[in-house]
C-alpha cells in the first residue's frame, strides 16, 4: 500500500489516506488497545505512545513520503518488537 500511495495520482492519494485511516486501527491492535474510533484512539495514542502520535500526526498533516514511511516503519517496529 505504501508504494501505491506514492504514485501521486488520484488513486495514489486515495491510498495515502486509506493507509493512514486503516493504520490507526492497526496501531491499536498491535498495542493491544481496543480501537474506539478516531477521537478516542488518537487521544490514547497521544498519551500512551507520544512518539507514535507525533509520527502519525506528521504523516497526516502533509503529503510527504518520508513522513508516511516513518509512520509505517514505526508500525513495523511494533509488529517486530516487544510492546
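Restrict the check to the stretch 62-81 and report whether at least one residue is more than 12 Å from residue 20 (Cβ to Cβ), at pLDDT 95 or above and assigned to a loop (DSSP other than H, G, I, E, B). Looking through the stretch 62-81, none of the residues is more than 12 Å from residue 20 (Cβ to Cβ), at pLDDT 95 or above and assigned to a loop (DSSP other than H, G, I, E, B). On inspection, residue 25 does not qualify as modelled with pLDDT of 95 or more, surrounded by fewer than 12 Cβ atoms within 10 Å (Cβ to Cβ) and within 12 Å of the chain's Cα centre (by Cα).
Among the residues of the stretch 7-22, those identified as within 15 Å of residue 75 (Cα to Cα) and exposed (fewer than 13 other Cβ atoms within 10 Å of the Cβ) are 21, 22. Entry remark, the stretch 38-58: residues being surrounded by 15 or more Cβ atoms within 10 Å (Cβ to Cβ) and touching a helix residue (DSSP H, G or I) at 6+ places or on another chain (Cβ under 6 Å) number 7 in total. Scan the stretch 20-61 for residues that are part of a loop (DSSP other than H, G, I, E, B) and without any contact (Cβ under 8 Å) to a residue 12 or more places away in the chain and the total you get is 3. Against the criterion of being over 25 Å from residue 81 (Cβ atoms), crowded, with 17+ Cβ neighbours inside 10 Å and out of contact with any strand residue (DSSP E or B) (no Cβ under 8 Å at 6 or more places or on another chain), residue 4 does not qualify.
The values are calculated or read from the model by the stated rules, or taken from the named source; none is laboratory data. Remember, it's a predicted structure, so these values are computed and weren't measured experimentally. Cβ coordinates were reconstructed from backbone atoms using ideal geometry, including for glycine residues, and neighbour counts include every protein chain displayed.
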